[in-house]
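Novice: Below are the structure tokens for one structure; questions will follow.
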Amino acid sequence: MGQKTPPVVDAPTEEACVERGQPKLEELRKLAQGKTTLLAQTHDYPDPDTIASALGLGWLMGELFGIETTIGYGGIIGRAENKAMIKVLGIKMRRTNTGDFKKYDLLALLDTQPEVGNHCVPMDRTPDIVFDHHFPRELEGPTPEFHDVGGEYGATSTKVVELIMASGLEPPTNIATALFYGVKSDTLNLAREASPADVAAYLYLFPRADNRLLAEIEHPQVPLDYFRVLGKAITRGRIYGTMIVSDLGEVYTPDLCAEVADRMLQVEGVNHALVAGWFEEALFLSLRTRSRAKNAGRILHSLVTKFTDGTAGGHGPMAGARIPMAGRSQRSRADIRRKIVQKVVAAFGQDYKHYSRMVNPSDSDHSMTPPPPKEPVEEKKPKPEKNGKVDSQRPAKKNGRPKEPAPAEARPEQ
Ligand SMILES: [Mn+2]
């Protein structure tokens, strides 16, 4: 609404991207000297951008410097689209544990930063390489040797694409498709926080990506539990002015919070969404906003680190947090959740005491009663069925008052 997205003509030329990428390649070349293995670590619950950037970086390090890359993650790959991405594009990833971080010559961290969380790299292991488009965090520990964070990038994949452009190499279809999906999903197809650099990466990747594979990734079948969670999100959803808040209860994968939060922004009149979910003794929060005046990442990070020992990360329109709850009573869990939700609602200028529900509780009853006719109707004579019998289940007309809806059983099967 009145907000401008960068026009395509603003995209930097390929030469400009190459110029930006070349000194970075030089740095990586120095780091790679005498090394043979790299662990490219993604999120604990990896999204397409972190997976694609790890894949792209790994391929480039292999082609240019003969480095062998393993892609790691700490938690689970939960979302159906992300599972499909890995399967369809043949991406190999393995779950890493603490011991793994000593086994590789080099460690790269993608789409997050050492002190942000959402990854399982131990605090005493400073990554050698960090690529992240989220706002730069002040580091308490040592600065990684290669530290490319923040800047005008809507996706970490875009940073990796600049390196590929600078290398002059031609990426294979699966790498290009993964990176295209990384840029596309993080920027909502260039509609959210897309910078000129993202537009350039998108245009570079588009003719190199396979749109049929992409469609397979973007429209996967989902488990029935997905719809159960969606149902819960709606029945529990509260609307505070222009904000929706919902608690999904226990979820089978924490990235459902992010997915549902995105979904909630589709409700007319809603500009902000906060979705909570519980997974393995931790509370997960996803925050989304359409407002350019608010920074979801900063809001969530300041509240979560002030009131809990959890971690949070994100940027302008989107943020996520994980708050460990092991050893806490149910009451203390509820208190922490309420406090954070209250403060987030207030941070968006809404009143926590006044809300309406997304659905009327009486709407969730399970009867199959069809709605009554709007006008009084003359009940038609029951038609004889094919075998000549009259449907004996159909109730007899009551004294010319046909307003009572027929019971569900009387409706013919569809
Ligand atoms: Mn990202």
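The values are calculated or read from the model by the stated rules, or taken from the named source; none is laboratory data. This one's a predicted model, so the numbers in the text were calculated from it and none came from an experiment. Using ideal geometry, Cβ is built from the backbone for each residue, glycine included, and neighbour counts are taken over all protein chains shown.
Novice: Show the residue pairs meeting these rules: Cβ distance below 7 Å; 6+ apart or different chains; first residue within region 321-333 and closer than 16 Å to Asp247 by Cβ; second residue assigned to a loop (DSSP other than H, G, I, E, B).
Specialist: Going by the 7 Å Cβ cut-off, the qualifying pairs are Ala321/Gly310; Arg322/Gly117; Arg322/Asn118; Arg322/Gly310; Ile323/Thr308; Ile323/Gly310; Met325/Glu281; Arg333/Met325.
Novice: Yes or no: Thr143 of a type in the set (S, T, N, Q) and modelled with pLDDT under 95? Steps first, please.
Specialist: Working: of a type in the set (S, T, N, Q): yes; modelled with pLDDT under 95: yes.
It is true that Thr143 is of a type in the set (S, T, N, Q) and modelled with pLDDT under 95.
For every residue, the table says whether it meets (1) assigned to a loop (DSSP other than H, G, I, E, B); (2) assigned by TED's automatic domain parsing to the domain that holds Gln342; (3) surrounded by fewer than 18 Cβ atoms within 10 Å (Cβ to Cβ).
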{"position": "Leu274", "(1), (2), (3)": "no, yes, no"}
{"position": "Trp278", "(1), (2), (3)": "no, yes, no"}
{"position": "Phe284", "(1), (2), (3)": "no, yes, no"}
{"position": "Ser291", "(1), (2), (3)": "yes, yes, yes"}
{"position": "Gly297", "(1), (2), (3)": "no, yes, no"}
{"position": "His301", "(1), (2), (3)": "no, yes, no"}
{"position": "Thr305", "(1), (2), (3)": "no, yes, yes"}
{"position": "Asp309", "(1), (2), (3)": "yes, yes, yes"}
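Novice: In addition: Based on what the data block shows, is Ile175 under 22 Å from Met264 (Cβ atoms) and either surrounded by fewer than 23 Cβ atoms within 10 Å (Cβ to Cβ) or of a type outside the set (Phe, Trp, Tyr) (or both)? Reasoning before the result, please.
Specialist: On the way: under 22 Å from Met264 (Cβ atoms): no; either surrounded by fewer than 23 Cβ atoms within 10 Å (Cβ to Cβ) or of a type outside the set (Phe, Trp, Tyr) (or both): yes.
Judged against the criteria, Ile175 is not a match.
Novice: I need every pair where a residue in region 132-157 that is on the phi > 0 side of the Ramachandran plot has its Cβ under 8 Å from the Cβ of a residue that is modelled with pLDDT of 95 or more and among the basic types (Lys, Arg), sequence separation at least 6 or different chains.
Specialist: These pairs meet every condition: Gly151/Lys159.
Yes/no matrix, rows are residues, columns are (1) in the same structural domain as Gly117 (by TED's automatic domain parsing); (2) over 19 Å from Leu163 (Cβ atoms); (3) touching a strand residue (DSSP E or B) at 6+ places or on another chain (Cβ under 7 Å):
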| position | (1), (2), (3) |
| --- | --- |
| Thr42 | yes, no, yes |
| Pro46 | yes, yes, yes |
| Leu57 | yes, no, yes |
| Leu60 | yes, no, no |
| Gly72 | yes, yes, yes |
| Ala80 | yes, yes, no |
| Ala84 | yes, yes, no |
| Lys87 | yes, yes, no |
| Thr98 | yes, yes, no |
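Novice: It is to be established whether one or more residues within region 339-348 are in a loop (DSSP other than H, G, I, E, B), assigned by TED's automatic domain parsing to the domain that holds Phe279, modelled with pLDDT of 95 or more and closer than 28 Å to Gln266 by Cβ.
Specialist: Restricting attention to region 339-348, the residues satisfying the condition of being in a loop (DSSP other than H, G, I, E, B) are 348.
From the residues that got through so far, the ones that are assigned by TED's automatic domain parsing to the domain that holds Phe279 too are 348.
From what's left, modelled with pLDDT of 95 or more: 348.
Then keep just the ones that are closer than 28 Å to Gln266 by Cβ; that gives 348.
For region 339-348, residues in a loop (DSSP other than H, G, I, E, B), assigned by TED's automatic domain parsing to the domain that holds Phe279, modelled with pLDDT of 95 or more and closer than 28 Å to Gln266 by Cβ: present.
Novice: All but one of (1) among the charged types (D, E, K, R); (2) within 16 Å of the ligand (Cβ to nearest atom); (3) under 29 Å from Arg212 (Cβ atoms) hold for Lys87, so report the exception by its number.
Specialist: Just one mismatch for Lys87, condition (2).
Novice: For Gly117, work out the one condition from (1) closer than 30 Å to Asp225 by Cα; (2) in contact (Cβ under 8 Å) with a residue 24 or more places away in the chain; (3) loosely packed, with under 15 Cβ neighbours inside 10 Å it doesn't fulfil.
Specialist: Here Gly117 meets the rest and fails (3).
Novice: Sticking with this one: Against the conditions (1) closer than 21 Å to Cys257 by Cβ; (2) within 14 Å of the ligand (Cβ to nearest atom), where does Gly75 fall short? Just the number, please.
Specialist: With respect to (1) closer than 21 Å to Cys257 by Cβ; (2) within 14 Å of the ligand (Cβ to nearest atom), Gly75 is out only on (2).
Novice: Then there is this: What helices (runs of 4 or more DSSP H), lying completely within region 147-246, carry at least 2 residues that are under 22 Å from the mean Cα position of the chain (by Cα) and away from the ligand (no atom under 16 Å from the Cβ)? Talk me through it step by step, then tell me what you get.
Specialist: Values: elements: 156-167, 173-186, 196-205, 211-218, 224-236.
Hits in region 147-246: 173-186, 211-218, 224-236.
Novice: I need the helices (runs of 4 or more DSSP H) fully contained in region 1-90, keeping only those with at least 3 residues that are surrounded by fewer than 15 Cβ atoms within 10 Å (Cβ to Cβ). Full working, then the answer.
Specialist: Numbers: elements: 14-32, 48-65, 80-88.
Fully inside region 1-90 and qualifying: 14-32.
Novice: In region 47-72, how many are more than 16 Å from the ligand (Cβ to nearest atom) and without any contact (Cβ under 8 Å) to a residue 60 or more places away in the chain?
Specialist: 10
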